[in-house]
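The values are calculated or read from the model by the stated rules, or taken from the named source; none is laboratory data. Quantities reported herein were computed from a predicted structural model and do not represent experimental measurements. When we count neighbours, we look across all protein chains shown, and the Cβ atoms used for this are built from the backbone with ideal geometry, even at glycine.
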């Protein structure tokens, strides 16, 4: 049974910042003094305001930094790579988030934040 990590975003702009900085690039960093072993697979359930159900992303730990090796510039934690079954699944997840981003901020600002036109845009 895969591990499930639940992340509940209270503010939409915090989620958008995380999405544009990390998630849309295929991975993220989780700061923790107890990182999971490299190779561990799990499911992120991201609770996002204004989304009907949590956004579920599969991830895999690809590197870790222990507390003994941590520095201010390289804190303790783990690097996560998101795993998709295929490109269609990736595009569907991105389109769901980008539709929310566009509806909340408008297409112009969404395009600026993403550095490209949203997948759901005409």
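The condition of being outside any strand (DSSP E or B) and over 12 Å from the mean Cα position of the chain (by Cα) does not hold for residue 93. Among the residues of segment 19-41, the one identified as over 13 Å from the mean Cα position of the chain (by Cα), surrounded by 15 or more Cβ atoms within 10 Å (Cβ to Cβ) and farther than 19 Å from residue 69 by Cα is 40.
Are any of the residues in segment 58-72 modelled with pLDDT of 90 or more, in a loop (DSSP other than H, G, I, E, B) and surrounded by 15 or more Cβ atoms within 10 Å (Cβ to Cβ)? The answer is no, given that none of the residues of segment 58-72 is modelled with pLDDT of 90 or more, in a loop (DSSP other than H, G, I, E, B) and surrounded by 15 or more Cβ atoms within 10 Å (Cβ to Cβ).
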